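The values are calculated or read from the model by the stated rules, or taken from the named source; none is laboratory data. If you're wondering where the values come from, they're calculated on a predicted model, not measured in any experiment. Because the Cβ atoms are built from the backbone with ideal geometry, glycine has one as well, and the counts that use them run over all protein chains shown.
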Amino acid sequence: MTVSPGGEVVDALAAQQAELGELVGDRSEADLRRPTRCPGWSASDVLLHLAQTNEAAVASVEGRLGDFSLGGVDGASASDVDDLAGRAVDAERAAGPAALRARWSASAAAQEAAFRAVDPHARVLWVTGELAARSLATTRLAEAWIHTGDVASAFSVTLPATDRLWHVARLAWRTIPYAFAQAGRELHGAVAFELDAPGGGTWSFRPDEGTAGTVVRGAAVDLCEVAGQRAVADDADLSADGPDAAAVLELVRTFA
């Protein structure tokens with residue numbers, strides 16, 4: 001059994017939400033209207049997006065996703081996931097920063113409770129189809145972490161990386177085949193990650209059997225930033241060797 005230095009994933013998700021809560025808890029409405037590194041989104045827009053997707057995750061865990069609409073937007077009318085997310089935020093941002101912060105806080109608590117109540121191995125529906133509840137919690141952690149950084153950018157705050165990123169890095173590694181499939185690209189063999197952990201030491205993600213033809217090395221936080229599309233590999237502390245080296249660094253992702 002793989003043991004995570006970041007603790008159980010729901011605990012890590014709760015800690016990530018707490019970090020974001022501390023970041024926005026005392027901010028004025030003017031502060032929450034500041035632009036973030038997400039083009040076109042303010043800090044309160046990011047909180048709204050997280051609230052909407054937290055609520056979607058609760059609906060998924062409770063078996064209600066089929067009746068759920070993100071921001072009241074018809075998903076069938078959206079061109080892709082990003083379009084749907086943008087339209088959902090546009091539809092509900094008028095509530096104002098204070099109300100949106102309160103909604104995010106309530107949604108984060110509800111999401112944590114839902115994940116603690118469900119069997120982590122239970123199959124639930126999400127954007128990409130069916131997955132384990134634990135895997136959904138991991139994707140929610142990855143999104144919460146990257147968007148916490150987005151909000152921090154509005155306030156010129158730099159947050160320290162933590163061992164919670166173990167879950168995010170492992171998600172990026174496990175979903176390499178999915179990333180290649182989504183891009184219509186061929187993966188020529190197994191991939192391994194050898195990453196420098198924020199607190200020291202190395203996180204190694206490798207196939208259970210056989211050897212990896214492609215190996216990615218570097219800082220775990222940089223890998224997670226690249227996978228979350230907040231950095232490009234050429235500017236990151238990352239290197240890769242093997243037949244899929246360039247493609248892995250191009251396609252690695254932690255989102256649908």
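Out of the residues in region 15-34 that are touching a strand residue (DSSP E or B) at 6+ places or on another chain (Cβ under 8 Å) and charged (D, E, K, R), which is nearest to F155 (Cα to Cα)? Top of the filtered list is R34. Filtering region 136-157 to residues that are surrounded by fewer than 19 Cβ atoms within 10 Å (Cβ to Cβ) and either modelled with pLDDT under 95 or not hydroxyl-bearing (S, T, Y) (or both) leaves F155, V157.
Just one of the listed residues (A57, A102, A114) is assigned to a helix (DSSP H, G or I) and either farther than 14 Å from A137 by Cβ or among the charged types (D, E, K, R) (or both), namely A102. Would you confirm whether any residue within region 37-55 is buried (at least 19 other Cβ atoms within 10 Å of the Cβ) and more than 19 Å from the chain's Cα centre (by Cα)? Within region 37-55, none of the residues are buried (at least 19 other Cβ atoms within 10 Å of the Cβ) and more than 19 Å from the chain's Cα centre (by Cα).
Listed conditions (1) under 23 Å from D11 (Cβ atoms); (2) small (G, A, S); (3) under 15 Å from the mean Cα position of the chain (by Cα) are all met by G201, apart from (3). Residues in region 204-238 that are crowded, with 16+ Cβ neighbours inside 10 Å and assigned to a strand (DSSP E or B): 8 in all.
Here is a yes/no grid of residues against (1) of a type outside the set (G, A, S); (2) assigned by TED's automatic domain parsing to the domain that holds A109:
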| residue | (1), (2) |
| --- | --- |
| A142 | no, yes |
| A169 | no, no |
| T175 | yes, no |
| A192 | no, no |
| A212 | no, no |
| V221 | yes, no |
| A233 | no, no |
| A236 | no, no |
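If you check L23, L70, L48, L32 for being in the same structural domain as H147 (by TED's automatic domain parsing) and farther than 26 Å from A113 by Cα, only one passes: L32.
Restricting the search to region 125-134, which residues are outside any loop (DSSP other than H, G, I, E, B) and surrounded by fewer than 20 Cβ atoms within 10 Å (Cβ to Cβ)? Reasoning before the result, please.
Of all residues in region 125-134, those outside any loop (DSSP other than H, G, I, E, B) come to 125-126, 129-134.
Matches in region 125-134: L125, W126, G129, E130, L131, A132, R134.
Only residues that are in a helix (DSSP H, G or I), touching a residue at least 40 places away in the same chain (Cβ under 8 Å) and among the aliphatic types (A, V, I, L, M) were counted in region 155-203, giving 8.
E130 - would you say it is out of contact with any Cys (no Cβ under 6 Å at 6 or more places or on another chain) and without any contact (Cβ under 8 Å) to a residue 60 or more places away in the chain? In short, yes.
Considering only region 146-165, I want to know if a residue exists there that is touching a strand residue (DSSP E or B) at 6+ places or on another chain (Cβ under 8 Å), more than 23 Å from D45 (Cβ to Cβ) and not charged (D, E, K, R). Give the derivation first.
Going through region 146-165, the residues touching a strand residue (DSSP E or B) at 6+ places or on another chain (Cβ under 8 Å) turn out to be 154.
Now restrict to residues that are more than 23 Å from D45 (Cβ to Cβ): none.
No: zero hits.
Residue selection: A12 satisfies the criterion of being closer than 23 Å to A132 by Cα and in contact with a Ser or Thr (Cβ under 9 Å, 6 or more places away or on another chain). Scan region 84-124 for residues that are over 17 Å from E8 (Cβ atoms) and either more than 17 Å from the chain's Cα centre (by Cα) or aromatic (F, W, Y) (or both) and report the count. So the count comes out to 24. Residue check: A190 meets all listed conditions (1) under 17 Å from A51 (Cβ atoms); (2) surrounded by fewer than 20 Cβ atoms within 10 Å (Cβ to Cβ) but one, namely (1).
Taking E130, is it assigned by TED's automatic domain parsing to the domain that holds L32 and within 20 Å of R37 (Cβ to Cβ)?
On the way: assigned by TED's automatic domain parsing to the domain that holds L32: yes; within 20 Å of R37 (Cβ to Cβ): no.
For E130, the condition - assigned by TED's automatic domain parsing to the domain that holds L32 and within 20 Å of R37 (Cβ to Cβ) - is not met.
For region 67-94, give me each residue that is surrounded by fewer than 14 Cβ atoms within 10 Å (Cβ to Cβ) and aliphatic (A, V, I, L, M).
Just the residues of region 67-94 that are surrounded by fewer than 14 Cβ atoms within 10 Å (Cβ to Cβ), to begin with: 67, 72, 74, 76-77, 79-80, 82-83, 94.
Matches in region 67-94: A76, A94.
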